[in-house]
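Here is the structure we will look at, set down as structure tokens.
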Number of protein chains: 2
Amino acid sequence: MKDLSESIIFPKGEPVGHDHFKGDAWLTRLSKAEGWNCSISNVTFSPGCRNNWHSHPGGQILLVTAGSGWYQEEGKEPEKLSEGSVIRIPADKRHWHGAAKDSWLVHIAISTNFDRGPANWQEPVDDDLYNSL
Amino acid sequence: MKDLSESIIFPKGEPVGHDHFKGDAWLTRLSKAEGWNCSISNVTFSPGCRNNWHSHPGGQILLVTAGSGWYQEEGKEPEKLSEGSVIRIPADKRHWHGAAKDSWLVHIAISTNFDRGPANWQEPVDDDLYNSL
């Protein structure tokens, strides 16, 4: 397994300090929203780490820079992520994302139309679903 | 010199097809603006390539993913770019960016508040200034 515990381009940052992730993840804020109406972060997921179901009132775009993982939009099959993947998450669409069981994942997260408000965090992803991937 | 003629994360895309760059550059549109109000591209500059002075009515953010180069905002000294650099360009601020003379440069460009309109392209960077860097 390629060790991406130190992100290869942007600093790894601080541990994600809330309960909406299962497993260990780190976040660096690359740009605050004020002035550009768009918040940009670099997020590093350890193997097996994923976040809860959630949605963004203004949408979000993910750019995968290293590793591999999963993205799932409600009502669709999980989609495999790898270096170079671009995911466009519509406003208010329930989804989750995270690393594969056997790989780190690093992505840039661009939260657009930030003035519509912060993410709405919801329930964890079903363990059986995640473990079956 | 590290060869970044094929970008390491996102596809290199197509040659930039207009006269606002001096030298060879390539662009891949990663996400169109519609729906997110934010246009995202991957841009690859060959060594010595830079764009003209220009400004963005809605601002822009650059995330450097490989190589090295220069960014200059009008009225300030040129600022060196390297892997991991984050540049926040305010709305309507005149600026230019490009590769170093002896290095490729790859950056992601996030054009925010896209509904305010496209870039305003202006005159080339003075050759003596660029060559002195």
Out of A:TRP36, A:TRP26, A:TRP53, I need the residue that is touching a residue at least 40 places away in the same chain (Cβ under 8 Å) and of a type in the set (Phe, Trp, Tyr). Which one?
A:TRP53
Meets criteria (touching a Pro at 6+ places or on another chain (Cβ under 8 Å) and surrounded by fewer than 17 Cβ atoms within 10 Å (Cβ to Cβ)) for B:ASP127:
no
Please find, among B:GLY17, B:GLY75, the residue that is farther than 21 Å from A:ILE87 by Cβ and either in contact with a Lys or Arg (Cβ under 9 Å, 6 or more places away or on another chain) or in a strand (DSSP E or B) (or both).
B:GLY75
Members of segment B:5-20 that are surrounded by fewer than 21 Cβ atoms within 10 Å (Cβ to Cβ) and of a type outside the set (Gly, Ala, Ser):
B:GLU6, B:ILE8, B:ILE9, B:PRO11, B:LYS12, B:GLU14, B:PRO15, B:VAL16, B:HIS18, B:ASP19, B:HIS20
How many residues does segment B:1-54 contain that are within 16 Å of the chain's Cα centre (by Cα) and among the acidic types (Asp, Glu)?
3
Residue list for segment B:85-99, restricted to those being more than 18 Å from A:ILE40 (Cβ to Cβ) and surrounded by 22 or more Cβ atoms within 10 Å (Cβ to Cβ):
B:TRP96, B:GLY98, B:ALA99
Qualifying residues in segment B:87-109 (those that are of a type in the set (Gly, Ala, Ser) and not in a loop (DSSP other than H, G, I, E, B)) - the one farthest from the other protein chains (Cβ to nearest Cβ):
B:GLY98
Condition first: within 14 Å of chain B (Cβ to nearest Cβ), within 26 Å of A:ASP115 (Cβ to Cβ) and part of a strand (DSSP E or B). Now tell me which residues in segment A:20-47 satisfy that.
A:THR28, A:ARG29, A:LEU30, A:SER31, A:SER39, A:ILE40, A:SER41, A:ASN42, A:VAL43
Apart from one, (1) in contact with a Lys or Arg (Cβ under 6 Å, 6 or more places away or on another chain); (2) part of a loop (DSSP other than H, G, I, E, B); (3) of a type in the set (Gly, Ala, Ser); (4) surrounded by fewer than 22 Cβ atoms within 10 Å (Cβ to Cβ) all hold for B:GLY58; the odd one out is (4)
Which number in (1) within 10 Å of another protein chain (Cβ to nearest Cβ); (2) over 18 Å from A:LEU30 (Cβ atoms); (3) in contact (Cβ under 8 Å) with a residue 60 or more places away in the chain; (4) not small (Gly, Ala, Ser) marks the one condition that B:THR112 misses?
(2)
Restricting attention to segment B:48-86, the residues that are within 10 Å of another protein chain (Cβ to nearest Cβ) and over 23 Å from A:GLU34 (Cα atoms) number exactly 3
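All of the numbers you see were taken from the coordinates with simple rules; none came from a lab. The shown structure was predicted, so the numbers you read here are calculated from the model rather than taken from an experiment. Using ideal geometry, Cβ is built from the backbone for each residue, glycine included, and neighbour counts are taken over all protein chains shown.
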